[in-house]
Amino acid sequence: MSTAPLSQPYPLALLRPAAPLLPLLPALVLLPVLALLPGLVHGGGWDLIGRFALAALTPSLDPVVIQAALAGLAITLGMALLGWIASLALGVVLGLASSRVVWQVCGGCRWPAGMIRRLLALPRSIHELLWGLLLLQLVGLQPVVAVLAIAIPYGALVARVLADLLDGLDSRRLEALRSAGAPAPAALLTALGPPLLPGLLSYGGYRLECALRSATLLGVFGLGGLGTDLKLTLQSLEFRELWTGLWLLLAVMLTLETLLGWLRRRWLMPRRLDLRRGGVGGRGREMLLLLLALPPLALLVGRALGVDPQALLHGQPLPGLDSADWAGVWALPWLQLVAGTLLLTLLAAALAVGLAPLQLLLAGPGRWGQGVLRFSWALGRLWPPPLTALLLLFLLQPGVITAALALGFHNLGILGRLLLESSEDVGPAVEEALSCAGSGPRLALLYGRLSPMARPYLAYGAYRADVMLRETVVVGLVGAAGLGSQLLESLSAFAWDQVLALVAVYALLTLAGEELSDRLRRSLLAGH
Amino acid sequence: MPPLLDLQHIHVAGRDQPRLHDVTLGITAGERVALLGPSGAGKSTLLAVANGLLTPEAGTVLWSGEPPARSPRLRRRQRARIGTLWQDLRLIEELTVQQNLNAARLARWGWPRALLNLLLPLESEANAAALEQVGLGAELLACSVAALSGGQRQRVAIARLLRQEPQLLLADEPLASLDPRLATELLELLLRQAEAPRALLLSLHRPDLLRGFDRVVGLRRGRLLFDRPMAFLATSELEALLAELYRGEAVGLMP
């Protein structure tokens with residue numbers, strides 16, 4: 001390994017692992033986690049985990065149980081659908097309002113766009129669970145609570161994506177139309193509508209998948225639907241009934257994902273990694289018809305669920321804020337809480353981002369390995385993290401690592417699916433060439449498939465880490481896991497002053513995290 | 001000694017007509033064989049069968065007298081002896097030239113070296129020698145492939161082939177879309193590499209580059225039209241064969 005005449009550029013190479021290694025590096029976090037894990041095991045619980053695993057094969061087939069699960073599933077699905085439709089409507093309106101191009105064309109100035117965009121960061125930075133719990137307190141247990149809890153943060157997210165897409169489009173066609181004397185709204189619709197629709201619908205489709213997960217999660221925290229049943233059956237150790245619900249949910253989730261994937265392919269829509277790629281998808285008429293079908297669908301589902309928007313008008317203010325104990329709020333161990341949250345986020349993100357390619361590599365390109373992976377990742381997406389956390393508590397002591405495992409497992413499922421999806425985009429040519437030259441299937445995968453995917457995948461991972469920061473609240477019930485645990489504690493103590501302060505800190509932290517992950521993403525994508 | 005490549009009665013089904021029909025072709029060490037034919041004749045399919053990417057529906061494939069090995073380990077060793085120069089090169093854009101050249105060694109390396117190659121410069125001397133053979137300087141080793149010019153890429157792909165040290169070299173239209181001077185240069189380079197104990201099978205659709213080959217094989221609509229040694233082929237006879245091969249195709253004949 002003599003490098004004498006060539007050594008000049010190489011000392012740097014040591015510090016810069018090549019592309020295929022990059023997505024695997026976060027998995028190094030496994031080493032300290034595995035080293036600490038034995039100390040966290042409290043001894044009991046193995047029989048429970050065994051019973052839980054065994055019950056997967058023998059779910060309860062009692063018609064009463066199945067009927068109850070189906071009813072719960074219908075409510076969850078309805079909440080997801082309604083929240084999603086509302087978020088799309090909200091997102092389109094707010095997205096237009098926060099687009100610089102729109103303001104430029106309609107109002108002649110750009111600054112209101114930036115201001116609205118900044119304001120929208122607040123609803124976006126608060127997790128739907130927090131919205132749900134706050135609204136629950138304000139208006140009581142109503143179906144509308146879950147719907148709104150999904151619609152508010154999702155709407156703000158859709159608005160951001162839409163505004164980014166709008167402002168990123170080529171505006172020359174728009175200028176041409178304007179200078180030809182077309183009125184502003186007509187010019188906007190003609191010039192930006194067609195190229196925008198596929199990207200927006202593709203993103204919207206992914207949001208529907210997310211909405212289903214969120215609705216399940218909200219159920220776990222008592223907002224109704226299948227999630228509530230799942231949590232109750234888990235807590236009463238009725239594992240066979242639990243699995244009845246889980247299998248049904250899995251079937252619905254996979255059907256939804258397959259359906260959306262099929263639509264995406266049919267309409268030639270761009271993938272999640274790059275919404276801007278790809279022009280006007282085909283079959284614009286079908287897309288418009290689908291969009292037009294949404295409002296009546298929303299009305300139908302809303303009536304079936306008994307959603308009553310008027311309930312929002314009869315709210316009650318948060319109790320006890322007039323006698324707030326701000327000194328007590330100040331005395332909370334803030335530094336510890338924030339540090340715990342950040343540690344939890346980093347651990348979970350590293351686990352999820354690093355494990356997905358590592359598992360892909362270990363499973364290899366064979367059909368069996370991939371099948372097992374797909375299935376385990378689907379289970380991860382399906383499982384609401386708080387339920388994983390409860391399950392882990394059978395074995396492990398509460399704490400940051402336990403919470404990180406629960407959060408990481410869920411996001412591993414999401415990242416893994418994305419990894420497989422984008423590896424389909426990469427195409428088999430290079431991997432094939434390596435195999436033909438005699439390298440083993442796993443090495444060919446490492447060199448040929450992970451190389452082109454590395455940077456876009458990590459860029460998505462950076463975005464996902466930001467999402468995980470927001471999500472830390474949902475594993476708060478593990479205890480001793482940062483702001484989320486404190487928040488749930490304060491909520492159950494009805495200490496509204498503390499809750500408000502914690503939500504504010506959460507929002508600040510998420511905004512900072514968003515900024516950071518944005519920068520990381522840009523530098524990853526630019527670093528070719 | 002058995003031929004390096006021995007294809008017997010190969011049949012590959014296609015949508016309307018077979019992509020290959022009853023093709024028999026043997027190549028022994030030291031032979032340089034040009035595979036001619038209009039586009040769509042089945043040249044790429046034949047090469048895919050020859051390097052084991054495609055398993056034919058019928059017929060026998062033997063490499064040095066052995067059928068495709070069952071055990072993955074033996075199969076890998078078998079494949080390592082066949083080097084392919086792909087039409088689209090199939091270099092790994094995100095890696096350096098050095099790492100790409102070393103990727104040809106993956107068949108012989110275990111995991112530790114394969115991983116180390118992604119961290120450290122390995123076997124720089126052998127790689128520099130391979131680059132020199134294709135007329136490139138060692139200073140390119142540390143470059144990312146994405147930063148290379150088209151001609152440099154072609155050469156790096158050939159250098160990677162050399163690093164694999166295969167016995168049988170297969171090349172799928174390596175000269176298409178190259179300017180004439182570069183095409184002649186690269187062809188000479190490939191022909192030089194293919195001396196015994198090696199052999200070369202190269203597909204072309206430009207019949208003006210046949211000088212230097214030992215044999216010429218014509219493929220049309222999946223069937224072998226002719227297979228003749230160049231040494232005993234008069235120019236007029238070759239022209240007649242080519243006229244038959246390209247009948248009804250818009251391709252220029254001999255210059």
Worksheet item: Dipole size in debye (nearest 20) for the range A:320-526 around its Cα centre, Lys and Arg Cβ +1, Asp and Glu Cβ -1?
Response: 740 debye
Worksheet item: So in the protein assembly as shown, what percent of DSSP beta bridges are antiparallel if you round to the nearest 5?
Response: 50 percent
Discussion item. Going by Cα centres, the range A:88-110 and the range A:334-394 are how many Å apart?
Written reply: 37 Å
Worksheet, complete the sentence: Given the candidates A:GLN235, A:ALA429, B:TYR246, the one whose Cα lies deepest towards the positive end of the charge dipole of the protein assembly as shown, counting +1 at each Lys or Arg C-beta and -1 at each Asp or Glu C-beta, is B:TYR246
Worksheet entry | Rg and Dmax of the protein assembly as shown, Cα atoms only, in Å | 31.4, 107
Discussion item. Running a GNM on chain B with Cα contacts under 10 Å, which residue among B:LEU233, B:LEU101, B:LEU20 ends up with the highest mean-square fluctuation?
Written reply: B:LEU233
Worksheet entry | Charge sum, other residues only, whose C-beta stays under 12 Å from A:GLY380's C-beta, Lys/Arg counted +1 and Asp/Glu -1 | +4
Practice prompt. Would you mind calculating the relative contact order of chain A from Cα pairs under 8 angstrom and at least 6 residues apart, reporting the percent as a whole number?
Written response: 21 percent
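Given +1 on the Cβ of Lys and Arg, -1 on the Cβ of Asp and Glu, and no further charges, what dipole in debye does chain A carry about its Cα centre, rounded to the nearest 20?
Here the size comes out at about 1580 debye.
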Discussion item. Could you tell me the relative contact order of the range A:199-261? Use alpha-carbon pairs under 8 Å, at least six residues apart, and round to a whole percent.
Written reply: 23 percent
Worksheet item: Going toward the positive end of the dipole of the range A:320-526, with +1 on Lys and Arg Cβ and -1 on Asp and Glu Cβ, which of A:PRO333, A:THR510, A:LEU446 do you reach last?
Response: A:LEU446
Discussion item. How many angstrom lie between the Cα centre of the range A:156-212 and the Cα centre of the range B:88-148?
Written reply: 44 Å
Worksheet, complete the sentence: Magnitude of the Cβ-charge dipole (Lys and Arg +1, Asp and Glu -1) of the range A:99-176 about the Cα centre, nearest 20 debye, reported as 200 debye
Item to complete: Anything in chain A that counts as a DSSP H helix reaching 18 Å or more along its axis (C-alpha) with Kyte-Doolittle mean of at least -1.0? List them, would you?
Response: A:63-97, A:111-125, A:143-168, A:184-218, A:239-266, A:284-305, A:334-363, A:367-382, A:400-426, A:450-471, A:496-526
Fill in: Most mobile listed residue (B:LEU136, B:LEU204, B:LEU219) in chain B, GNM with C-alpha springs under 10 Å
B:LEU136
Worksheet item: For the protein assembly as shown, what does -39500 (n - 2.57) per DSSP helix run (n ≥ 4), summed and divided by total residues, give at 222 nm, in deg cm²/dmol to the nearest 500?
Response: -19500 deg cm²/dmol
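Read the figures in this text as sums done on the coordinates, not as results from a lab. The shown structure was predicted, so the numbers you read here are calculated from the model rather than taken from an experiment. FYI the Cβ positions are ideal-geometry reconstructions off the backbone, even for glycines, and counts take in every protein chain you see.
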